[in-house]
Amino acid sequence: MKDFTRHIAMAAAAVALCLPMAAASAPSGPQGRTWAEIAKLPDWGGVWDADWSKLFGPGGRTQPELTPAYAAKLQAWKDAQKQGENLQTQTANCLPPGMPGIMQQPYPVEFLFTPGKVTIAIEAYNQMRRVFTDGRPHPADPDPLWYGHSVGHWENGDLVIDTVGYDPATEIAGGVGHSDKMHTVERVHLLEPNRMEITTTIEDPEALTKPYVVKMQYVRHRDWDIKEYICEQNNRDASDAEGRPSMKLN
């Protein structure tokens, strides 16, 4: 009987590992679908600034573990850098980094609650993300977007954001692209009243050998405002179509 019970437990664990990573979480409490429900959500007022001491401090950030095909692409990119190409990303031409990079910028973010939606205002590149919390599913065939299609729900005071449908120009990390199967889940959690942590889990069966997890911490500033960021206004760091800098120093 003990062996039978053990086999059942092992089978259940194997099934759980095969489920999508967002399946383990479920909505709980108010979901912010009305103004009355929004009043019951956690207080995220103010502007949140990235705490870079936590990102690059002890432990630092790990690198994604890549499949052979994507490891070869990354190596080619690194080789070009070593050969003096100094390839830049599309941000040199004022294109935004997209997800997940936009949430890892050294600029503040702000969370705006309206019925059925959380809007994330990001100072970098004057960008906005929209997370639908009205219970809608992802589209069957989402358009590829810089920030994908995001649906979210509240779970014990955390906002869980599930995103699919990424534009192929976005990157998992520097020099690391992705396939059309990339899927991310972000958990936004208050560690303490004025400190927030966002844990982003990235899955891509074609690019990654295992989920890639990135954690960012933010500190609240209630008296700050999001500033205007116009990259095109004074841009002198453009690059050509292959990423080579257009401005060369002698």
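The values are calculated or read from the model by the stated rules, or taken from the named source; none is laboratory data. No experiment lies behind these values; they were computed from the predicted model shown. Here the Cβ positions follow ideal geometry from the backbone for every residue, glycine too, while neighbour counts run over all protein chains shown.
Quick check, is Tyr107 within 20 Å of Tyr218 (Cα to Cα) and in contact (Cβ under 8 Å) with a residue 12 or more places away in the chain? Don't jump to the end; show me each part of the working.
Working: within 20 Å of Tyr218 (Cα to Cα): yes; in contact (Cβ under 8 Å) with a residue 12 or more places away in the chain: yes.
Against the criterion (within 20 Å of Tyr218 (Cα to Cα) and in contact (Cβ under 8 Å) with a residue 12 or more places away in the chain), Tyr107 qualifies.
So in the stretch 147-156, with the set limited to residues that are part of a loop (DSSP other than H, G, I, E, B) and modelled with pLDDT of 95 or more, which one is nearest to Glu197 (Cα to Cα)? Talk me through it step by step, then tell me what you get.
Kept after step one, since they are part of a loop (DSSP other than H, G, I, E, B), are these residues of the stretch 147-156: 147-148, 156.
After this cut, where a residue has to be modelled with pLDDT of 95 or more as well, the list is 147-148.
On the way: Tyr147: 20, Gly148: 21 Å.
Looking at the filtered set, the residue picked out is Tyr147.
Looking only at the stretch 75-94, how many residues end up being surrounded by fewer than 14 Cβ atoms within 10 Å (Cβ to Cβ) and modelled with pLDDT of 80 or more?
4
If you take the residues in the stretch 197-225 that are more than 14 Å from the chain's Cα centre (by Cα) and β-branched (Val, Ile, Thr), which one is farthest from Glu186 (Cα to Cα)?
Thr209
Condition first: polar (S, T, N, Q), surrounded by 11 or more Cβ atoms within 10 Å (Cβ to Cβ) and at pLDDT 95 or above. Can you find one or more residues in the stretch 10-25 that meet it?
Of the stretch 10-25, the ones polar (S, T, N, Q) are 25.
Okay, now just the ones that are also surrounded by 11 or more Cβ atoms within 10 Å (Cβ to Cβ), so 25.
Then keep just the ones that are at pLDDT 95 or above; that gives none.
Checked the stretch 10-25: no residue is polar (S, T, N, Q), surrounded by 11 or more Cβ atoms within 10 Å (Cβ to Cβ) and at pLDDT 95 or above.
Just a yes or no: is a residue in the stretch 177-185 surrounded by 18 or more Cβ atoms within 10 Å (Cβ to Cβ), at pLDDT 95 or above and hydroxyl-bearing (Ser, Thr, Tyr)?
yes
Among the residues of the stretch 173-207, write down those that are assigned to a strand (DSSP E or B) and within 23 Å of Thr91 (Cβ to Cβ). Steps first, please.
Just the residues of the stretch 173-207 that are assigned to a strand (DSSP E or B), to begin with: 173, 176, 183-192, 195-203.
Ala173, Val176, Thr184, Glu186, Ile198, Thr200, Ile202 - these are the residues of the stretch 173-207 that are assigned to a strand (DSSP E or B) and within 23 Å of Thr91 (Cβ to Cβ).
If Val131 satisfies every condition in (1) buried (at least 19 other Cβ atoms within 10 Å of the Cβ); (2) among the hydrophobic types (A, V, I, L, M, F, W, C); (3) not in a strand (DSSP E or B) but one, which is the exception?
In the conditions (1) buried (at least 19 other Cβ atoms within 10 Å of the Cβ); (2) among the hydrophobic types (A, V, I, L, M, F, W, C); (3) not in a strand (DSSP E or B), Val131 misses (3) alone.
Conditions (1) basic (Lys, Arg); (2) touching a helix residue (DSSP H, G or I) at 6+ places or on another chain (Cβ under 9 Å), marked per residue:
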residue	(1), (2)
Arg136	yes, no
Gly152	no, no
Gly157	no, no
Ala169	no, yes
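Checking Arg61 against (1) touching an Asp or Glu at 6+ places or on another chain (Cβ under 9 Å); (2) basic (Lys, Arg); (3) modelled with pLDDT under 85, only one condition comes out false. Which one?
Tallying (1) touching an Asp or Glu at 6+ places or on another chain (Cβ under 9 Å); (2) basic (Lys, Arg); (3) modelled with pLDDT under 85, Arg61 fails exactly one: (1).
In the stretch 118-140, what residues are over 16 Å from the mean Cα position of the chain (by Cα) and in contact (Cβ under 8 Å) with a residue 24 or more places away in the chain?
Asn126, Thr133, Asp134, Gly135, His138, Pro139
Of all the residues that make up the stretch 157-172, how many are in contact with a Gly (Cβ under 9 Å, 6 or more places away or on another chain) and in a strand (DSSP E or B)?
Selection size over the stretch 157-172: 7.
Of the residues in the stretch 37-54, how many are in contact with a strand residue (DSSP E or B) (Cβ under 6 Å, 6 or more places away or on another chain) and modelled with pLDDT under 95?
Looking only at that region, the number is 3.
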